[in-house]
Amino acid sequence: MSYRLKYHLMPKVGWMNDPNGLSYFKGMYHIFYQQDEKDIYGRIHRHWGHYTTKDFKSYGKQIDANYGDTSRDCDGAYSGSAIEKDGTLYLFYTGNVRHKGDYDYIHAGREHNVLRVESSDGIHFSNKKCLLLNQDYPSDCTCHVRDPKVYEENGMYYLVLGARLKDDTGCVLKYKSNDLENWEYETRYVPKDTNGYMLECPDRLVFDNQKFILASPQGLKQDGYKYENVYDNGIYELHGTSLENYKSLDHGFDFYAAQTFSHTKRNILIAWMGMPDANYQTPTESENWMHALTLPRVLSFDGCLKQFPIQEILDLRQNKRVYKDFFSMSKTSNIEFDVNGEFEMRLNDIVLSYKNGLFTLDESKCISGRTQRHIEGIDIHHVSVFVDVSSIEIFINDGEYALTSRYFDEYENMRVVFHGIEEVVVYVMKGFEICLLYTSD
Ligand code: FRU
């Protein structure tokens, strides 16, 4: 049995991590991502892979967009974003450089530069320019300043960067420009209470005039059932320059480095379905690939932020069935059910349960060392679960809460047993079509 996914983006071979440069340009969605085709652990040379799609169902695997090959990015073209200006697509990214020597690579020995490449067709990128160096960042920053996210507001361009300061706190640096080339430091956004030592992959959203900063904080202390993963990924309200009321975006084992983009009024989020430095495994080495991206999710705001798979993904659902008792289904399915109190559902060896306001995802009986993840003090009225061979994405109350995880077992199908649930609606999910659009030597 193979663990390869059928309706998620994953690497053809090798390593995948963060989504990068999410954008819509010249009639196509562009989904770039961190990849290393030479090493399933991403240790040799990370750079930007590239998928394109018009409909989120069939995808083209394009030639790599961005390879670190200058003195300013020779150890990797790390994460960043995309923006269109006057018919040109610009990619902003982190040029990673590790100097040889006896360094700690936090305070010395590393460069994190901001570089830019551009393209008129969205496929071939050139004209690489280095726009910011470490010495351009405020003097209290360590060498860890990365992941530029560029956006436009009232005719000006802004760029936010995740930073680790010398006192081991994280913040977001903000730069401004009127030409996307010359950048001037404007201010920093600082977390009011929930802080770690680093904020990776900052992003920015606006709903109903309220501004938000998304980020992946490293170093948050576990607090009961909060922040159970080694690193978190969540959203802060932005008040002036203060980052407040932090909420995790996802409560599963494998969700990190989420990035958003907007097109035709939809805000779409895609995250890495993985977790750096986790103490559990993703046993796909023998198949020569590692990790994947989450389903694309549309974000909405109605007092709280909700995320749910975009309509194009829901359109992949077919063969609707309704069950009132245990059943068996394909491992590429979506199941939905209403909830009216406590319940328990077993999907092979995975157990979902809800008791006394506590929702638990239990993978302790599966292969891979994942144990339990929780959400405390919630009311549940509806659950939708997307299973894809070795991934599970759970959306509670139409996306008010989400849990994203990989799971590993050796069964061909999925046997579903439940209590406290009246009936379950089941759909089979149609797979993505992926076409290689370049010839590799
Ligand atoms: C987040 C991250 C980014 C960095 C990239 C390198 O997962 O550590 O901060 O740019 O991965 O692949």
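Some observations on this one:
- Any chance Arg204 is open to solvent by 20 Å² or more (accessible area, probe 1.4 Å), under 17 Å from the mean Cα position of the chain (by Cα) and on the phi < 0 side of the Ramachandran plot: yes
- Any chance Thr187 is touching a Leu at 6+ places or on another chain (Cβ under 9 Å), in contact (Cβ under 8 Å) with a residue 40 or more places away in the chain and not in a strand (DSSP E or B): no
- Selection over region 49-70 of residues that are in contact (Cβ under 8 Å) with a residue 12 or more places away in the chain, away from the ligand (no atom under 16 Å from the Cβ) and surrounded by fewer than 18 Cβ atoms within 10 Å (Cβ to Cβ) gives a count of 7.
- Asp277 open to solvent by less than 50 Å² (accessible area, probe 1.4 Å) and within 14 Å of the ligand (Cβ to nearest atom): no
- Residues satisfying the stated conditions in region 100-137, i.e. open to solvent by less than 50 Å² (accessible area, probe 1.4 Å) and acidic (Asp, Glu): Glu111, Glu118
- Residues that are without any contact (Cβ under 8 Å) to a residue 60 or more places away in the chain, within 15 Å of the ligand (Cβ to nearest atom), open to solvent by less than 30 Å² (accessible area, probe 1.4 Å) and within 17 Å of Ile106 (Cβ to Cβ), drawn from region 138-164: Cys141, Thr142, Cys143, His144, Val145, Leu161, Gly162, Ala163
- Any hit, region 79-96, residues being within 19 Å of the chain's Cα centre (by Cα) and free of Cβ contacts under 8 Å to residues at least 60 places away in the same chain: yes
- Test: Leu295 is away from the ligand (no atom under 16 Å from the Cβ) and touching a His at 6+ places or on another chain (Cβ under 7 Å): yes
- Counted as qualifying within region 329-441 are the strands (runs of 3 or more DSSP E) with 1 or more residues that are basic (Lys, Arg) and open to solvent by 50 Å² or more (accessible area, probe 1.4 Å), namely 343-347, 350-355, 414-419.
- Just one of the listed residues (Val145, Val150) is in contact with a His (Cβ under 6 Å, 6 or more places away or on another chain) and either under 20 Å from Tyr189 (Cα atoms) or part of a strand (DSSP E or B) (or both), and it is Val145.
- Search result, residues across region 226-271 that are outside any strand (DSSP E or B), open to solvent by 30 Å² or more (accessible area, probe 1.4 Å) and within 23 Å of Glu153 (Cβ to Cβ): Gly240, Thr241, Thr264, Lys265
- Condition check for Asp73: farther than 30 Å from Gly431 by Cβ, assigned to a loop (DSSP other than H, G, I, E, B) and either within 12 Å of the ligand (Cβ to nearest atom) or open to solvent by less than 10 Å² (accessible area, probe 1.4 Å) (or both): yes
- Qualifying residue in region 185-199 (condition: within 15 Å of the ligand (Cβ to nearest atom) and surrounded by 23 or more Cβ atoms within 10 Å (Cβ to Cβ)): yes
- Test for Pro217: is it assigned to a strand (DSSP E or B), out of contact with any Lys or Arg (no Cβ under 9 Å at 6 or more places or on another chain) and surrounded by 23 or more Cβ atoms within 10 Å (Cβ to Cβ): yes
- Listed by first and then second residue, the pairs with beta-carbon distance under 7 Å, at least 6 apart or on different chains, first residue in region 14-42 and in contact (Cβ under 8 Å) with a residue 24 or more places away in the chain and away from the ligand (no atom under 12 Å from the Cβ), second of a type in the set (Asp, Glu) and open to solvent by less than 10 Å² (accessible area, probe 1.4 Å), are Gly14/Asp36.
The values are calculated or read from the model by the stated rules, or taken from the named source; none is laboratory data. Just so we're clear, the structure is a prediction, and the values are computed from it rather than from any experiment. Neighbour counts are summed over all protein chains in view; Cβ atoms, including those assigned to glycine, are modelled from backbone coordinates with ideal geometry. Side chains are part of the model used for accessible areas, which takes the heavy atoms of the whole protein and leaves out ligands, DNA and RNA. Shrake-Rupley method; radii C 1.70, N 1.55, O 1.52, S 1.80 Å.
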